[in-house]
Amino acid sequence: MLELRNVGKTYPHTVKRTLKDINLTIEEGEFICIVGPSGCGKTTLLNLVAGLEEPTKGEIFLDGIPVKGPGADRVVMFQEAALYPWLNVLDNVMLGMEFLGIPKEERKNRALKYLKMVHLSQFTEYPIHQLSGGMRQRAALARALSMDSKILLMDEPFSALDKQTTNMLRGELEQIWMNDHSKTVLFVTHSAEEAVYFADRIVVLSENPGQIKEIISCDLKRPRQIDQEEFVHMRHRLLESVKKEVEKFAKEEYDKN
Amino acid sequence: MQKKSTTKIKKGLELALFLFLLVVLWQILNMLFVDVFKIWKPYSAPSPAGVAFSFASLLKSGVLLSALLKSLGRGVAGFAISVIAGLILGILIHHFSYLNRNLKPVIMGMQTLPSICWVPFAILWFGLNNSAILFVVVMGSAFSIALGVDDGIKNVPPLYIKAAKTMGAGQGDLYLKVILPACVPSFLATLRQGWSFAWRALMSGEVMSSTIGLGQTLIIGRDMADINQVMLVMLVIIFAGVVIDKCIFTALENRVLRKRGLM
């Protein structure tokens, strides 16, 4: 269980309060999406949970233990794959487990298992620069999953990919998550469609200061289809909520579809 | 691939032709100004033919080869010391912010000092011997290596470090498995630059001392008023520097860059 209690974040030398009074409890196995206009502090919120930044107010607890600094129980998947160019695909996936001190034999077995899951079995020996953007994110996903962290933090992991690749990867992530229902995911996105596609609950942030505007429960049947009536309805409801916050955000979304 | 190698050969031929024309021009100018107009004195104007003659005689007597090998050996030894010293110094000024604020500017200052300025100290402390030359080489190249190492670590993409931290990497793992491998391309560039500084410093040291080496051969040429020998040694110094740069450092750098898809 992840708990955020009165979390706030201000940066020195700026008047703007990035995050204010964030109270949120996430149960094990939940898929939570965070949406909001750009600049509202979505990524900051994720970084706070990851331990890459420290809150200026409030506290964050994972299973009752306060979060202090980054750790392998909260693995992050970034917008860019963050794979290491001097290692091939397999070695990249194995490196995370090496930090955990997992023996070599097991590292390899687990890496191969997850690479298979993301359909990269044929590419284990490839250098990173020969992979497409989608393949890189798949490898990053395999690496993140292989760490078997309590919670998986995802910071717009598909936003730099083209539409088709994004759709494919969404489907794969959903499948993997549905097969392993104990996985808690905190997923930052600027896409309403993506949020409705994945989330059990959607946290809508408002801008300046970034606060929780509302939390929308999203209990559509899985696997979800984006042309389902309920899906479209839910997406509209979410867009409405965010639209009032910032015109721009809504416009971006409509332009896209 | 086929096309690539043919363009490479083409480029090589072009360069060879250019250098050949340069030599021809040099010979013509020499003949015009020395023999026809008699403006240049023969003892101050080397000619390609004279240099070739000098090359043949120094090669035959074995002087050139032993001087070259001595200089190379000294250069490599001095460079090796510089690399170790520069690496340690570089990591220190990166890791401790106190040193970064205070020692780094001093090192940057030292780096601007031409290596020949260390020669008086070298002679006073070590005498006219090998150690003095090594001292000049190390002072001439270690600082640039230290600054390069610091810079290389600083330019590791923050995302690499962030990702490693969120995967639970400790300080040791972070340095050994992420930061150092990430630095390899910039480190090779640093070594290459360090070598060129070391090679220049070596010559500054060698012309001042009296041990066998290219620098000393150059000075002997001057003392015997043999301008062709001076010119020959200069060409050998350039040639040796370029060959080592291209065949070792550039080749190594290209290999790493290609492996990482950076070229």
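The values are calculated or read from the model by the stated rules, or taken from the named source; none is laboratory data. All of these numbers come straight from a predicted model, not from anything done at the bench. Every residue, glycine among them, receives a Cβ derived from its backbone with ideal geometry; neighbour counts consider all protein chains shown.
Couple of notes before you dig in:
- The range A:111-150, residues that are away from chain B (no Cβ under 14 Å), buried (at least 19 other Cβ atoms within 10 Å of the Cβ) and among the basic types (Lys, Arg): A:138
- Pair list, Cβ < 8 Å and 6+ apart or interchain, from the range A:46-57 residues that are among the basic types (Lys, Arg) to residues that are at pLDDT 95 or above: none
- Here the condition is being more than 24 Å from residue B:220 (Cα to Cα) and small (Gly, Ala, Ser); of B:67, B:80, B:122, it holds for B:80 alone.
For (1) in contact with a Gly (Cβ under 7 Å, 6 or more places away or on another chain); (2) surrounded by fewer than 22 Cβ atoms within 10 Å (Cβ to Cβ); (3) modelled with pLDDT under 95; (4) under 14 Å from residue B:89 (Cβ atoms), each residue gets a yes or a no:
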{"site": "B:112", "(1), (2), (3), (4)": "no, yes, yes, no"}
{"site": "B:116", "(1), (2), (3), (4)": "no, yes, yes, no"}
{"site": "B:119", "(1), (2), (3), (4)": "yes, yes, yes, no"}
{"site": "B:126", "(1), (2), (3), (4)": "no, yes, yes, no"}
{"site": "B:129", "(1), (2), (3), (4)": "no, yes, yes, no"}
{"site": "B:145", "(1), (2), (3), (4)": "yes, no, no, yes"}
{"site": "B:160", "(1), (2), (3), (4)": "no, yes, no, no"}
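- Among the residues making up the range B:98-128, those that are farther than 25 Å from residue B:207 by Cβ and either in contact (Cβ under 8 Å) with a residue 24 or more places away in the chain or not in a helix (DSSP H, G or I) (or both) are B:100, B:104, B:107, B:108.
- Leading residue by the ranking (farthest from the chain's Cα centre (by Cα)) among those in the range A:65-98 that are outside any strand (DSSP E or B) and without any contact (Cβ under 8 Å) to a residue 12 or more places away in the chain: A:86
- Residue A:40 modelled with pLDDT of 95 or more, under 30 Å from residue A:14 (Cβ atoms) and more than 14 Å from chain B (Cβ to nearest Cβ): no
- When residues of the range A:87-110 are limited to those that are away from every other protein chain (no Cβ under 13 Å) and of a type in the set (D, E, K, R), the one surrounded by the most Cβ atoms within 10 Å (Cβ to Cβ): A:110
- Residue B:194 being at the interface with another protein chain (Cβ under 10 Å from one of its Cβ atoms) and crowded, with 17+ Cβ neighbours inside 10 Å: no
- The set of residues in the range A:151-175 being at negative phi, in a loop (DSSP other than H, G, I, E, B) and crowded, with 18+ Cβ neighbours inside 10 Å consists of A:157, A:158, A:161.
- Boolean, residue A:153 is at pLDDT 95 or above and either of a type in the set (A, V, I, L, M) or farther than 27 Å from residue A:103 by Cα (or both): yes
- Verdict on residue B:182 being at negative phi, within 9 Å of another protein chain (Cβ to nearest Cβ) and in contact (Cβ under 8 Å) with a residue 24 or more places away in the chain: yes
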